[in-house]
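The values are calculated or read from the model by the stated rules, or taken from the named source; none is laboratory data. The shown structure was predicted, so the numbers you read here are calculated from the model rather than taken from an experiment. No Cβ is skipped: glycine too gets one built from the backbone with ideal geometry, and neighbour counts run over all protein chains shown. Ligands, DNA and RNA are excluded from the accessible area calculation, which covers all protein heavy atoms including side chains. Shrake-Rupley method; radii C 1.70, N 1.55, O 1.52, S 1.80 Å.
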Amino acid sequence: MLLQLLAENVPHRIYAKDICGRFIFANQAAAQGMGVREPADLIGKTDFDFYPLEAATKYAAEEQKVLVDGQPLLDHEEQVDYLLFGQQTWLMTTKVPLRDTEGCVVGLVGINYDITSGKLAEKALRSANQQAEAAAAELARMVARLRAEMAERQRVEVELRRRALHDDLTGLPNRCLLMDRLELSIKHARRDGQSVTLLFLDLDRFKHINDTLGHAVGDELLKGVAERVEKCLRQSDTLARLGGDEFVVVLPNTIAGDDLAVLIQRISRAVAEPLLLAGELVSVNCSLGCATFPQDGADGTTLLQFADAEMYRAKQQARRSSNGLSVVREPATEDSQEIEAQLCHALRRNEFRLQFQPQVDMRSGEIVGVEALIRWQHPQWGLVPPLRFIPIAERCGEIGRIGEWVLREACTQAMAWQRAGLTPVRMGVNLSAQQFLDTRLEALVAQVLADTGLPAEWLELELTESVSMRDPEASIRILGRFRAMGIKLAIDDFGTGYSNLASLLSFPVDRVKLDRSFICELGSKDNCAAMVESVVSMMHRLQLEVVAEGVETAEQLAVLASFGCDAMQGYWFARPLDANACEAMLAAHQAGSKAAA
Ligand code: C2E
Ligand code: CA
Ligand code: CA
């Protein structure tokens, strides 16, 4: 009786079953747990009356062990699907055999503790922990990715800065870095009452070597010269390459007249020593001009001009003194003033032409655009390369009219191809600094589009990094307005005029054209490949397309394709072509693509 009272009042489920699994006793908690009102409702019933078949079979098998083998089941934890109530319950179950006076098993006694709340709490905790762990892992991944991206960007910045200040071929400081160092030396010299000496060095007849032995030999010669001159200098001196075969030395501290003469002689001798290039002994002489601060000029530009003029005088003298035999008449095109004078008439005389160089999508192989490149067919000089006259046209202000001609001509051509039934391709037009900064440019572009009928989306304006970086805020405004008109925009010669990557990347442009100097180094310098790969992935993260310029070999193409570069332009696919040849190429390509489709 006491036992019965006890069993009725404890909150755990207590029950007894006979050898066939029928309830012979149950307390109130057990009845409630099984979903019935009274313990009496359980008596004589089995688990099969309450549980789904699968669950009841499982419990019966468990109980068989207790009933047949006499083995108790102790503290067994299990999850019960109480479909009866639609709720999940966890129970801690103990079932022990019920024996008669002779020790034979006649049934079992079971006690179930409801551990649901503890289990739910534990489960909630576990899931919260898992979520927290997942969030922490995701955060760690994000931080690692950001760190890697930042490190990559920093590497790219450092490399771009190095490139912007150094000459690609020799690795020497370029004009920009030279002027910086020169001005600094002048500042120090002014403060300390010292002098600065500048040497301007130009190789004699370098053009001849380049023309007869080829550019590769010419390049090797320039590298050789750079190395030799450098060996003649002190650590504090700067040797720079201005471009072509012109080098400049800055000697920052006062150097006595005799020492200077000795140094000049040493440099001349070092340069003149024969070099073995492509199996041939090649030797060149150089002409040197000298300027000293403060006597010959008070600033870097004046000193440089002075030394240049001195060098030129020395060269003329050397020619005269060598019996006149090696006097080469410089072609008139060498003379900037002559070019300037002739440029004014070139438009009127209809001497300009456009050529078009195709751009190819790396994945589809289709021509997706062409770049318009100006040519000057001079009646006496022949073809004058754009790099020879564009800077002069910029200086003398003629570029505005020339640029307008190019824009109009290119848009007219693009529209003519469309009217002839060709699938439209983008027409790339180069903008010079002057044009870009001219407030009338926007109106001009709109006018040309209206006049020619070319839809804005097929015009792409190319502007170089250095131009856009002159006034980044103004550039963003101007570019934004072009973009609003639907015109495409590209940063040209990317990687040559670097000043600030972050602001450059905030420009609203569609594509960057990776400069040729990267591409031609692709095969030869490992760090260049890594750099190009970084740039491509960085641009892609910014949703910018990358066009590789100056692709000349299948190897370069393969490397670029493996980096995911989007498009390419270069001799490997096609040189710049005149309008007819380009039209034929477009037509043939488009017919081929249609047939393949
Ligand atoms: P850019 O805008 O970088 O044009 C690409 C130059 O690379 C072109 O030289 C083209 O002929 C050359 N090129 C293309 N593929 C290869 C290649 O595989 N290998 C090599 N070695 N060169 C390749 P181009 O026509 O002599 O033009 C030189 C520069 O003159 C142009 O460089 C551009 O800055 C300027 N330019 C040309 N046309 C115009 C123009 O209409 N307006 C302005 N403002 N500048 C122009
Ligand atoms: Ca260009
Ligand atoms: Ca370019």
inquiry  = Accessible area of the chain with a 1.4 Å probe: how many percent of it is carbon plus sulfur?
reply    = 53
ask   = What FRET efficiency comes out for the pair residue 256/residue 381, r = Cβ-Cβ distance, R0 = 56 Å, nearest 0.05?
value = 0.75
ask   = Full extension from residue 353 to residue 49: what is 0.36 nm times the residue separation minus their Cα-Cα distance, to one decimal in nm?
value = 99.7 nm
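To check you understand DSSP bridge types, tell me what percent of the beta bridges within the chain (both residues inside) are antiparallel, rounded to 5.
Numbers: 64 of 87 bridges.
That works out to approximately 75 percent antiparallel.
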request  = Excluding residues fewer than 8 places away in the same chain, name every one of the lysines whose C-alpha is closer than 16 Å to that of residue 315.
outcome  = 207
task = Obtain the nm distance between the two label points defined at residue 527 and residue 136 by a simple spin-label model: each point lies 7 Å from its Cα along the Cα-to-C-beta direction.
result = 4.0
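Work out how much length residue 194 to residue 443 would gain on full extension: take 0.36 nm times their residue separation and subtract the Cα-Cα distance, in nm to one decimal. Walk me through the numbers on the way to the answer.
On the way: separation 249, 0.36 × 249 = 89.64 nm, distance 5.36 nm.
Answer, rounded to one decimal: 84.3 nm.
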query = What does the accessible area per residue of segment 122-165 come to in Å², with a 1.4 Å probe and no ligands, DNA or RNA counted?
reply = 78
task = Can you figure out the FRET efficiency of residue 128 with residue 102, using R₀ = 56 Å and their beta-carbon distance, to the nearest 0.05?
result = 0.55
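Only sites in a loop by DSSP and with at most 16 other Cβ atoms within 10 Å count here; which trypsin sites (Lys or Arg not before Pro) in segment 126-217 make the cut? All intermediate terms of the calculation are to be shown ahead of the outcome.
Values: sites: 126, 141, 145, 147, 153, 155, 161, 162, 163, 175, 181, 187, 190, 191, 205, 207; in loops: 205.
When the trypsin sites (Lys or Arg not before Pro) of segment 126-217 are filtered for loop state and at most 16 Cβ neighbours within 10 Å, 205 remain.
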remark   = Loop-resident chymotrypsin sites (Phe, Trp or Tyr not before Pro) in segment 1-94 with no more than 14 other Cβ atoms inside 10 Å, DSSP not H/G/I/E/B, are 85
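Only helices at least 18 Å long along their own axis, judged from Cα atoms, and with Kyte-Doolittle mean hydropathy of 0.5 or greater: name those in the chain from DSSP H. Intermediate results must be reported in sequence, preceding the final value.
Working: long enough: 53-69 (23 Å, -0.24); 116-165 (72 Å, -0.54); 175-192 (25 Å, -0.58); 215-231 (24 Å, -0.38); 257-272 (23 Å, 0.61); 300-321 (31 Å, -0.88); 399-419 (29 Å, -0.19); 472-485 (20 Å, 0.09); 526-541 (23 Å, 0.29); 579-596 (25 Å, 0.21).
TM-like helix candidates: 257-272.
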Where segment 2-114 is the region considered: accessible area per residue in Å², 1.4 Å probe = 57
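Contact order normalised by length for the chain, with contacts defined as Cα pairs under 8 Å and 6 or more residues apart; what percent is it?
Result for the chain is 9 percent.
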query = Can you give the accessible area of residue 211 in Å² (nearest 10), computed on protein heavy atoms with a 1.4 Å probe?
reply = 100
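Assuming 0.36 nm per residue, please report the length gained on full extension of the stretch residue 338 to residue 227 beyond their Cα-Cα distance.
Numbers: separation 111, 0.36 × 111 = 39.96 nm, distance 3.52 nm.
Between residue 338 and residue 227, full extension yields 36.4 nm more.
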ask   = Taking the Cβ-Cβ separation of residue 505 and residue 116 as r and a Förster radius of 60 Å, what is the calculated FRET efficiency to the nearest 0.05?
value = 0.55
Listed residues 565, 104 arranged by accessible area, highest first, probe 1.4 Å = 104, 565
request  = Please give the per residue accessible area of segment 175-332, computed with a probe of 1.4 Å over protein heavy atoms only, in Å².
outcome  = 54
query = Points 7 angstrom from Cα along the Cβ direction at residue 422 and residue 281: gap in nanometres?
reply = 5.4
task = Starting from the amide H of residue 196, placed 1.01 Å from N in the peptide plane, find each other amide H under 5 Å away whose residue is 5 or more places distant or on another chain.
result = 293
ask   = Counting Lys and Arg as +1 and Asp and Glu as -1, each charge on the Cβ, what is the dipole of segment 175-332 about the Cα centre in debye, to the nearest 20?
value = 200
Residue 40 versus residue 208: modelled label distance in nm, points set 7 Å from Cα along the beta carbon direction = 13.0
